[in-house]
Amino acid sequence: GFARRMVHEQPSHVLYLVDRSDSMDEEQIAWVTRRIASLDAVRPKQVERAVAAFGGDTAVLTPFGRDALHDPAAIGSLLDGAPVHREETDLEAALLEALRLLPAEQGGRVVLFSDGRQTAGSVDSVLAHVRRLGLQVFPEPVPVFGAHATVWEELSVPPVVQRGAPIGMQLVLNSLAPAPQTAHVTVSLAGVPI
């Protein structure tokens, strides 16, 4: 009839994961720095935080610690000097790297700052896996401020096509222009227009 109860406190961790690919303009990065500073101002002191940036690869900019990240200018200089390949956006590899950075079997939280325009990998294929391993992902969509009048959002094509067969594809553009405009689009495969 004797009951034994044990309490084990497990430290919490949060990783601010920031998209530093070429698709993110300076206004968006400035917004991200202010947002990280505001989120970190309400972070409980026992929760450790880190900052990482990604593009084609991922780099840790600030290791896990409890110091406050309250200066947007300091965060901005970290992000400006991020040693990542900016020609690509690989959300899949970034989330897998986040799993590796967080302490084993403790899970953690990732606050993901990105415009969502992935050019490599597939975040959909890995999202269920990282959640099963205890990683909570909180996407923070970064607003578009109008530096680019038209932004390519998505190109959907079938993964396999028979040679010579017609295919259906969908191209989604986001135009910030106040009136309709004519657009010319060329789709190419390995540099060859198709």
Search segment 158-177 for residues that are exposed (fewer than 10 other Cβ atoms within 10 Å of the Cβ) and pair each with any residue that is not in a loop (DSSP other than H, G, I, E, B) when their beta-carbon atoms are under 6 Å apart and the residues are at least 6 apart or on different chains.
Q170/S156
Out of (1) more than 11 Å from L17 (Cβ to Cβ); (2) touching a strand residue (DSSP E or B) at 6+ places or on another chain (Cβ under 6 Å); (3) not hydrophobic (A, V, I, L, M, F, W, C), the one E87 does not meet is (2)
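With the condition kept exactly as written, say whether any residue in segment 44-56 is at positive phi and not aromatic (F, W, Y).
To start, the set of residues in segment 44-56 that are at positive phi comprises none.
Taking every residue of segment 44-56 in turn, none turns out to be at positive phi and not aromatic (F, W, Y).
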Helices (runs of 4 or more DSSP H) contained in segment 1-116 and holding at least 2 residues open to solvent by 80 Å² or more (accessible area, probe 1.4 Å) and in contact (Cβ under 8 Å) with a residue 12 or more places away in the chain
26-41
Within segment 47-58, can one find any residue that is of a type in the set (S, T, Y), out of contact with any Ser or Thr (no Cβ under 7 Å at 6 or more places or on another chain) and within 13 Å of L112 (Cβ to Cβ)?
yes
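The values are calculated or read from the model by the stated rules, or taken from the named source; none is laboratory data. Because the structure is predicted, anything quoted here is derived from the model rather than measured. When we count neighbours, we look across all protein chains shown, and the Cβ atoms used for this are built from the backbone with ideal geometry, even at glycine. The area values use the complete protein model at the heavy-atom level, side chains included, leaving out ligands, DNA and RNA. Shrake-Rupley method; radii C 1.70, N 1.55, O 1.52, S 1.80 Å.
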